[in-house]
Ligand SMILES: Nc1ncnc2c1ncn2[C@@H]1O[C@H](COP(=O)(O)OP(=O)(O)O)[C@@H](O)[C@H]1O
Ligand SMILES: [Mg+2]
């Protein structure tokens, strides 16, 4: 402005005597030459490149606006210094996320479980519930009890027994007929998954028929069928079915019967071979299934989880159940079982409609490639789960993994360089298309309860 006036005084129109320069009248056609402050050519400025350090000096006080203050407080946004809050349901509602599911990856001991426990327990204050369908280390039990929930422990000499063919909690919204149909199909699917896990292969079509017939027989003989009845019916069917005589059913179901027998008389006897002695109350704020006493292979864990999924699915498919977190800690172990993977995927697909946010915790993204063969269905399912997680949280990664992780998640080179240097409790959050480095803040009481050191947990229970 000041420059304009000075030039103006030098222009052909002389200021009128007695008037101040600011009241001088410009020529009718406007100023000429540079004084016009116009040009026919486009303004071209050379591109300016600078490091983010320099730009931070040139444009101080600028930072990512954050995700707002809705939801649970997670910790400090390392780039802006502000607080970082996260609520997948709210972000989904705002259109920031296309689904509420989250993936959390990082090397051992960097605070993945700790973050998941904070998200879970802090969400309870917002009226959310939390389900942990399989806890191989048993580290969620103390947390579940501390917030007034329940931890169901199976195996290891506990008298707890669970009938996987229980109908499970019934949603209020379902009519009798719908409910009966749902229970029937759930039992059938569950038995199929269980059999596939036990056999470590997909069922042949004749085996499906044998299983159908056996389940039918077990249901006809009791109000609530049990696994021993199904195994008996597989060994010695009482009736023929269309397309198969009794002898054919016996032959076709033989392999199957022996595989399922493992749950009745074999190494898993005493867990699933009678009526349930534990009940699941889906109204509790947190329910976890403690599998730490199940000694053995991942296959056993997968079979136990399949058995317990009946109650979990019954609770999850209740559309009136509100918003819930379903947390798969140490998911890389569970995902090695194709049958379990298929169940996870179907729950994933339902998540938006039912208000469920799944949280999948793995060590590295390549865990997903340890599933099945390169072009197998299981691998595609595992990749599909990753694709269906709009939020990806990456904790420290080994250097060898960093470039791959960056490629998969579309990280910038600056973000990628951070991955091996992230400290305990620090993670790179990729929320939709935006990125944040967040340092998870844990209170002393939380830390005591979340500590994965077993010796600390009894102390934690008293303090939390
Ligand atoms: N944000 C944090 N601040 C302080 N200590 C933490 C934090 N996160 C984790 N820890 C500590 O690290 C330990 C291991 O964390 P954990 O969540 O079990 O790791 P991971 O699940 O990645 O193996 C916890 O017992 C806790 O003491
Ligand atoms: Mg952990």
Could you calculate the contour length gain from residue 238 to residue 108, that is, 0.36 nm times the residue separation minus the distance between their Cα atoms, to one decimal place in nm?
41.5 nm
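Expressed in nm to one decimal, what extension gain is obtained for the pair residue 55 and residue 174 from 0.36 nm per residue of sequence separation less their Cα-Cα distance?
Contour length minus the Cα-Cα distance gives 36.9 nm.
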Give me the angle, in degrees from 0 to 90, between the Cα long axis of helix 377-387 and the longest principal axis of the Cα atoms of the chain, rounded to the nearest 10.
40 degrees
So if each residue of separation counts as 0.36 nm, and I subtract the Cα-Cα distance between residue 79 and residue 421, what length gain in nm does that give?
121.6 nm
Computed P(r) (all Cα pairs; the chain; 10 Å bins; percent)
4, 17, 24, 20, 12, 7, 5, 4, 3, 2, 1, 0, 0
At what distance in nm do the modelled label points of residue 376 and residue 36 sit from each other, each positioned 7 Å from its Cα along Cα→Cβ?
7.5 nm
Please determine, in degrees from 0 to 90 and to the nearest 10, the orientation of helix 338-354 with respect to the longest principal axis defined by the Cα atoms of the chain, where the helix direction is its Cα long axis.
50 degrees
May I ask you to derive the FRET efficiency for residue 414 and residue 69 from their Cβ-Cβ distance with R0 = 25 Å, giving the value to the nearest 0.05?
0.45
Treat each spin label as a single point 7 Å out from the Cα along the C-beta direction, and report the residue 43 to residue 298 distance in nm.
6.0 nm
In bins 10 Å wide, starting from 0, what share of all Cα pairs of region 19-124 does each bin hold, as a percent?
10, 22, 19, 16, 11, 12, 8, 3
Set of region 181-195 residues, backbone N closer than 20 Å to the point 7 Å along the Cα-Cβ line of residue 224:
181-192, 194
Label points 7 Å out from Cα along the Cβ direction at residue 246 and residue 181: separation in nm?
3.4 nm
Any idea what angle helix 399-409 forms with the longest principal axis of the chain, computed on alpha-carbon atoms, 0 to 90 degrees, nearest 10?
80 degrees
Quick check on region 325-374: what are the equivalent-ellipsoid semi-axes from the Cα gyration tensor, as sqrt(5λ), descending, whole Å?
20, 13, 8
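Values in this text are rule-based calculations from the coordinates and carry no lab data. Bear in mind that the values here come from a model prediction, so they are computed numbers and not experimental data. As a convention, Cβ positions derive from the backbone with ideal geometry for all residues, glycine included, and neighbour counts pool all protein chains shown.
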